[in-house]
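*Asks:* Okay, handing you the structure first.
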Amino acid sequence: MKDYIEVDEWKIIENGFNPQHNKISESIFSLGNGRMGQRANFEEAYSGDTLQGNYIAGVYYPDKTRVGWWKNGYPEYFAKVINAANWIGIDIRIGGEPIDLAKNHIEHFSRELNMKEGYLKRKFGVVIPSGPVDAEVTRFCSIVDDETGAICYKFRPVREPHITCAVTPYIDGDIKNQDSNYDEKFWDEVKKESWDDGGFIQMRTKKTGFEVATGMKCVILIDGKPIDFKPEPIIKDKYIGAEYRLYVPDCHEVIIYKYAANISSQNYPADQLEERLKETLSRISEKGFETMLAEQAEAWAKKWKHNDIIIEGDAAAQQAIRFNIFQLNQTYTGEDDRLNIGPKGFTGEKYGGSTYWDTEAYCVPFYLSTADQKVTRNLLLYRYKQLGKAIDNAKLLGFNNGAALYPMVTMDGTECHNEWEITFEEIHRNGAIAYAIFNYVRYTGDEDYLADYGLEVLIAIARFWAQRVNWSHEKQQYVMLGVTGPNEYENNVNNNWYTNKQATWCMQYTMEVAEKVKAADPEKYAALAIKLNFKEAEETAKFKEIIQKMHFPYEEGHQVFLQQDGYMDKEQILVKDLPASERPINQKWSWDRILRSCYIKQADVLQGIYFFEDEYDIDTIRRNFDFYEPRTVHESSLSPCVHAILAAKLGDEARAYEFYLRTSRLDLDDYNNDTEDGCHITSMAGTWMSVVEGFGGMRVKNGMLSFDPFLPGKWQSFSFNIGFRGTVIKVKVTRDTVRVEHLSGANMTLLIRGHEAELTTGITQCVKTTTVRIEAPEPPANLNIA
């Protein structure tokens, strides 16, 4: 755990430069806009330890799989969202000496991520042989013009009356991924051009053939006045630059405005990229930096108006939740159903930037409540459009009759994870995709989705489960052998309770949806049954038999659902009895030792209880929580949030708050010593869930929102906005009151601590202890989900 980020409710602040923290800070201070993202690399040269990263949404490379030995069904490649051309570069030499914070003496240094207005600012002072230099750099990825970014770089040589400076803005396409399996570079140059105030490079990915044109347009001022001479062009392989040789008199300030754009063949024909790039650069440079920055602030203000969570009395908790919400909004906007949410977003290379089941399990609840329903619908459509490849993936593993196994890791629907215990065994991901359909329809009421898309996916997944089980003559039950559950510290186990639960629930839900669609639109249902060759009577009879006769491990002594067969054969040493020197075990122990231990990486049984909590009474939830949490090492970023929500439901304030802080400050404090690889974007949605579903106690019950909140002891109050079926409400929880205010949209009936209440325009419902009362009307806020 690190403790160098200063606490501020709206900013992430680093004061002082520690090279050992640099890659961590590059992740934390990353910027993005849904179309592109940039790690917090320095614009000027830096010869120290760094992970260069500029990423373009949807552009990837199929890096050939690297394994010790091949197995049938293995993916041929690991898809990676690849490092694209470096657009931020500005080399600066003063008196012939470069600014390089790895080599220069640093007098002062700070960087600040302004989450309220969406920009990164860095200030530093260095001493080079020609004397001291002060600099200030402001950068952002525009969410208004979402293919662009802009930089304002100011520097001033100090105590030097006259000095010669060389300033070289550039675009460098000669880059690679640090995680390249064979040290391969993934880009070929298509063309490039240099002009007086900038230039561009158009690059093409090997194998996949994506093309991206990256260009710049620059303006340089001395003492506030634009210079009027041409730079010296620098043109090399996959590189264009423009060197300005400046004579700086009387310690005047030099300002470099660099406007940049990344234009992708994902969005335009490849032969039009150059034209579109030049048009875009002209448009944003005519606006100017200050106008673009003001537009950025205004656009972020609109996002925060709906998405903000306000915590009073705990600045560290407030900073943390805003950081998580900020990163989520930088990563995914929902405008394009070809895109999804990688576990690291635009902040690093780990996990390839590909799609995992994290999206369905953790991100869907966030976007359901904070964005228009089309955003979540697009996440579901992403999977629907890849159903054919999920069926092909199942065929590779020996399944038939239209059974689908969605990939563990994917960019285009093709499985590209290359560890057998994950690729072949972590099949519970199918269940998360089915659950997301259920969750979406339950929340939005959009039952048309089931007939148009959802049922087709559900039948394919249910068919997979029906073929994946087998009958055990010994047990006289159906069993599921050779799986890996969410707890990846167990591989090739039999009857993982969570996986078996997901399978039976999915088959049951599929049958319910089939009946619903058949009743609502018999013709559409009949056409779909023909398309899928769905033999309803025969297949549903099989589903029912499996549901009735599925084996679920149970431990009578503790009266808990057993994580898998044989779990109690393990030595039951609790996490609290592990020496601190042996944590985290994934960095200190051999894999063999981990697999033989009872330790749990993340919620497994408890993940199932979280999903299906309505099926279990409070005592059952408590027994399982009290049994499994002490055995959980929380070495997955996805672990603390589920535990925070369940602890809150159980009224365990201390543990709920502890898990909230851990999930919310996971990256800010580098809890797991891995933030340098990138931030844990999908788990950030779990942070939001910890507040809204945990402390806020929000659920959907019988088509209504329900709240049963409590206030953590360190907080004076907390509040959040929720969008539900076209209506926006504000919930505020204080020490003795729960206040729900209607902000916009239709009238709504909801439950507050079990009491039914009506919300209409201008009306605020307030609950004190167990009494519901209606306060005097207040002027409604003009707030819409955007």
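*Asks:* Testing F140 on (1) in a strand (DSSP E or B); (2) over 30 Å from the mean Cα position of the chain (by Cα), one condition comes back false. Which one is that?
*Replies:* Result: F140 passes all but (2).
*Asks:* Another question, then. Just one of S637, S597, S581 is crowded, with 19+ Cβ neighbours inside 10 Å and closer than 20 Å to M1 by Cβ; which is it? It would help to see each step written out before you state the result.
*Replies:* Numbers: S597 fails: closer than 20 Å to M1 by Cβ; S581 fails: crowded, with 19+ Cβ neighbours inside 10 Å.
So the residue among S637, S597, S581 that is crowded, with 19+ Cβ neighbours inside 10 Å and closer than 20 Å to M1 by Cβ is S637.
*Asks:* Next question, about the same structure. Touching a His at 6+ places or on another chain (Cβ under 9 Å), crowded, with 21+ Cβ neighbours inside 10 Å and not charged (D, E, K, R): is that true of I645 in this structure? Even if it seems obvious, please write down each step before you answer.
*Replies:* Values: touching a His at 6+ places or on another chain (Cβ under 9 Å): no; crowded, with 21+ Cβ neighbours inside 10 Å: yes; not charged (D, E, K, R): yes.
For I645, the condition - touching a His at 6+ places or on another chain (Cβ under 9 Å), crowded, with 21+ Cβ neighbours inside 10 Å and not charged (D, E, K, R) - is not met.
*Asks:* Let me ask another. Output the residues belonging to region 94-111 that are buried (at least 20 other Cβ atoms within 10 Å of the Cβ) and not aliphatic (A, V, I, L, M).
*Replies:* The one that is buried (at least 20 other Cβ atoms within 10 Å of the Cβ) and not aliphatic (A, V, I, L, M): R111.
*Asks:* Then there is this: Does T280 satisfy being of a type in the set (V, I, T), modelled with pLDDT of 95 or more and either touching an Asp or Glu at 6+ places or on another chain (Cβ under 9 Å) or open to solvent by less than 40 Å² (accessible area, probe 1.4 Å) (or both)? Before you say what the answer is, go through the steps one by one.
*Replies:* Details: of a type in the set (V, I, T): yes; modelled with pLDDT of 95 or more: yes; either touching an Asp or Glu at 6+ places or on another chain (Cβ under 9 Å) or open to solvent by less than 40 Å² (accessible area, probe 1.4 Å) (or both): yes.
Yes, satisfied.
*Asks:* Among (1) assigned to a helix (DSSP H, G or I); (2) closer than 28 Å to P522 by Cα; (3) open to solvent by less than 10 Å² (accessible area, probe 1.4 Å), which single condition is A404 missing?
*Replies:* The number of the failed condition is (1).
*Asks:* Taking A434 and the conditions (1) out of contact with any strand residue (DSSP E or B) (no Cβ under 9 Å at 6 or more places or on another chain); (2) outside any helix (DSSP H, G or I); (3) open to solvent by less than 10 Å² (accessible area, probe 1.4 Å), which numbered condition does it fall short on, given that it satisfies the others?
*Replies:* (2)
*Asks:* Can you name every residue in region 333-342 that is of a type outside the set (K, R) and open to solvent by 10 Å² or more (accessible area, probe 1.4 Å)?
*Replies:* Step one: filter region 333-342 for residues of a type outside the set (K, R), giving 333-337, 339-342.
T333, E335, D336, D337, L339, N340 - these are the residues of region 333-342 that are of a type outside the set (K, R) and open to solvent by 10 Å² or more (accessible area, probe 1.4 Å).
*Asks:* For region 47-111, list the strands (runs of 3 or more DSSP E) that sit wholly inside it and hold at least 3 residues that are modelled with pLDDT under 95; which are they? It would help to see each step written out before you state the result.
*Replies:* Values: elements: 54-64, 77-83, 90-94.
Once the strands (runs of 3 or more DSSP E) in region 47-111 are filtered for at least 3 residues that are modelled with pLDDT under 95, what remains is 54-64, 77-83.
*Asks:* Moving to a separate point now. Condition check: farther than 29 Å from T484 by Cα, at pLDDT 95 or above, open to solvent by 10 Å² or more (accessible area, probe 1.4 Å) and out of contact with any helix residue (DSSP H, G or I) (no Cβ under 6 Å at 6 or more places or on another chain). Does T291 satisfy that? Break it down stepwise before answering.
*Replies:* Numbers: farther than 29 Å from T484 by Cα: yes; at pLDDT 95 or above: yes; open to solvent by 10 Å² or more (accessible area, probe 1.4 Å): yes; out of contact with any helix residue (DSSP H, G or I) (no Cβ under 6 Å at 6 or more places or on another chain): yes.
It is true that T291 is farther than 29 Å from T484 by Cα, at pLDDT 95 or above, open to solvent by 10 Å² or more (accessible area, probe 1.4 Å) and out of contact with any helix residue (DSSP H, G or I) (no Cβ under 6 Å at 6 or more places or on another chain).
*Asks:* Can you tell me which residue within region 719-766, out of those that are without any contact (Cβ under 8 Å) to a residue 40 or more places away in the chain, of a type in the set (V, I, T) and part of a strand (DSSP E or B), is surrounded by the fewest Cβ atoms within 10 Å (Cβ to Cβ)?
*Replies:* T734
*Asks:* Mind listing whichever residues of region 78-131 are of a type in the set (F, W, Y), touching a helix residue (DSSP H, G or I) at 6+ places or on another chain (Cβ under 7 Å) and closer than 30 Å to K207 by Cα? Let's see the steps before the verdict.
*Replies:* Filtering region 78-131 for residues of a type in the set (F, W, Y) gives 78, 87, 109, 119, 124.
Next cut, touching a helix residue (DSSP H, G or I) at 6+ places or on another chain (Cβ under 7 Å) only: 78, 119.
Listed by number, the list holds a single entry, F78.
*Asks:* Do any residues in region 436-450 that are farther than 13 Å from V375 by Cα have Cβ atoms under 7 Å from those of residues that are among the basic types (K, R) and crowded, with 18+ Cβ neighbours inside 10 Å, where the two are at least six apart or on different chains, and which pairs are they?
*Replies:* So the pair list comes out as Y449/R377.
*Asks:* May I ask you to list pairs of residues, at least six apart or on different chains, whose Cβ atoms are under 6 Å apart, with the first in region 113-136 being touching a residue at least 12 places away in the same chain (Cβ under 8 Å) and the second being of a type in the set (S, T, Y)?
*Replies:* Close Cβ pairs (under 6 Å, with a partner that is of a type in the set (S, T, Y)) amount to Y119/T138; K121/T138; K123/S110.
*Asks:* Filter region 567-578 for residues that are part of a loop (DSSP other than H, G, I, E, B) and surrounded by fewer than 11 Cβ atoms within 10 Å (Cβ to Cβ) and give the result. Show your work before the answer.
*Replies:* Narrowing region 567-578 to residues part of a loop (DSSP other than H, G, I, E, B): 570-574, 578.
The answer is E571, and nothing else.
The values are calculated or read from the model by the stated rules, or taken from the named source; none is laboratory data. These numbers were taken from a predicted model, which means no experiment stands behind them. Note that we place each Cβ from the backbone using ideal geometry, even for glycine, and neighbour counts take in every protein chain shown. These accessible areas exclude ligands, DNA and RNA; they are computed on the full protein's heavy atoms, side chains included. Shrake-Rupley method; radii C 1.70, N 1.55, O 1.52, S 1.80 Å.
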